[in-house]
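Q: Let me begin by handing over the structure; questions about it come next.
The values are calculated or read from the model by the stated rules, or taken from the named source; none is laboratory data. Because the structure is predicted, anything quoted here is derived from the model rather than measured. Counting neighbours? That spans all protein chains shown, and the Cβs are built from the backbone with ideal geometry, glycine included.
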Amino acid sequence: MPAGGANLTPREIVSELDRYIVGQSAAKRAVAIALRNRWRRQRVTGDLKDEITPKNIILIGPTGVGKTEIARRLARLAQAPFVKVEASKFTEVGYVGRDVESMVRDLVEASIALVREEETAKVRTRAREAAEDRLVELLAHGTPASSRPGSMGFVPPPPSSPGRLGDAEREKLRAQLRAGTLDDRMVDVDVADAGPTFLRNFSGQGMEEIGVNLSDLFRSMPGMARTRRRSVTVPEALELLAQEEAGRLVDQDRVNREALLRAESAGIIFIDEIDKIASREGAARGGGPDVSREGVQRDILPIVEGSTVTTKYGPVKTDHVLFIAAGAFHVSKPADLIPELQGRFPIRVELEPLRQEDLVRILREPRNSLIRQYTALLETEGVSLHFTDDAVAEVARIAALVNSRTQDIGARRLHTILERLLDPVSFEASDPARSRDEVIDAGVVRTRLKEVVEDEDLSRYIL
């Protein structure tokens, strides 16, 4: 497991989550303990280490109270591979739709991207230096003749290369490159093509079981590894060449091996909307099982309890993958899941509905609060946005009121209310004649939202 967030104590993990998520202390404690137990397991010696499996968690609560955000922030904190899937998207094996093993393949892809990014960061300095060398040659001698394969896949012999630059000329061009005096100049570079477009038609649902990336297969055939020439500015060319050089310096086989280990030992799969597959209506009617409900539960069961899934990078064991499921459970309840699956999620945490004071804290405290986001957006237009304390309280009051009248969607109600509240300034911010200062107080909030809040039928459709 990587260093960093994985070494945090449960108290420190909860403190980090508090910076982004308001309330829900029980859920934060549960995921903090689960993450710390992984750190503890890595330090257990002997055969017992393999017998210690993660205690999977079900988060129960209405939409908009922080279930998904807790899991996502936990994965970032742990620097662990993370994937979010929706249980309602899966169907039983043999039917049209995604099969449940695709969640493990998605986890491996996320792990590959995570490890590749880490390895690329280690060679970034060397890659940029090599890219600068290539770009200096391009600037001095122009774009070389194309080295793309011919129609039969054969590469034509390279043309005679021009004389190499002297050290003094090279350093002069490099100094100009780093100083930015060449930024407006255009240069032609050869970049890898995306591959045959017809292969994209085969990437739909139901193809995951093939386990082989058709694009990679065809790209390795003679004549299919194509490049195309692009005319770009010098900074863009430097970035493209640096990416290409980094790809050469990174050992992809090592990335694949490390990513598989990371997915097996530190992966987190978040299964949202698990309540949508918990209904047992088919059994109640005496009919057959629903292919997108109980059938999916039976298919998920072996993955959660531990099995080996084949991916294009190699087999992956799911014994030590942490599964966090979440659902509102308005219609069904956790007891409606099949007993075997219930037993694989021993920790159940109920998240509390958000109260008015919680909504006030959500608007003020998190580092990524909506008010901070809107303030930053309008600052790009030169508009200074200020919310008074009574305006924040009024927005929270209206959000809580509308949630109580209509469907309770938690903190997501703040998005719709603030969007309507700030509609005038968002539309007029780019007008030169408009005031550069926008102060929102409680009176402005009541005036702009009065009609919608008082008309209950209208608020159902607008807020």
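Q: Based on this model, can you work out whether D455 counts as modelled with pLDDT of 90 or more and under 30 Å from G61 (Cβ atoms)?
A: no
Q: A further question on this structure: Under 7 Å by Cβ, and 6 or more places apart or on different chains, what pairs join a residue from region 235-262 that is among the polar types (S, T, N, Q) with one that is in a loop (DSSP other than H, G, I, E, B)?
A: Matching pairs, first to second residue: N256/Y313.
Q: So, one more: With respect to A78, is the statement that it is in contact with a Gly (Cβ under 9 Å, 6 or more places away or on another chain), touching a residue at least 40 places away in the same chain (Cβ under 8 Å) and closer than 21 Å to E16 by Cβ true?
A: Yes.
Q: If you go through region 137-158 one residue at a time, do you hit one that is out of contact with any strand residue (DSSP E or B) (no Cβ under 6 Å at 6 or more places or on another chain), modelled with pLDDT under 85 and of a type in the set (F, W, Y)?
A: Yes, some residue in region 137-158 is out of contact with any strand residue (DSSP E or B) (no Cβ under 6 Å at 6 or more places or on another chain), modelled with pLDDT under 85 and of a type in the set (F, W, Y).
Q: Which residue pairs have Cβ atoms under 6 Å apart, sit 6 or more places apart or on different chains, and have a first residue in region 381-400 that is more than 14 Å from L421 (Cβ to Cβ) and touching a residue at least 40 places away in the same chain (Cβ under 8 Å) and a second that is surrounded by fewer than 17 Cβ atoms within 10 Å (Cβ to Cβ) and among the hydroxyl-bearing types (S, T, Y)?
A: Cβ pairs passing all conditions: E381/S430.
Q: Next up: Out of region 421-439, which residues are surrounded by 13 or more Cβ atoms within 10 Å (Cβ to Cβ) and either farther than 24 Å from Y20 by Cα or modelled with pLDDT under 85 (or both)?
A: P424, V425, S426, E428, A429, R434, E438
Q: If Y374 satisfies all but one of (1) surrounded by 15 or more Cβ atoms within 10 Å (Cβ to Cβ); (2) not in a helix (DSSP H, G or I); (3) not aliphatic (A, V, I, L, M), what's the number of the condition it fails?
A: (2)
Q: Here is a follow-up. Name the one entry in E381, E451 that is among the charged types (D, E, K, R) and in a helix (DSSP H, G or I).
A: When all the criteria are applied, what remains is E451.
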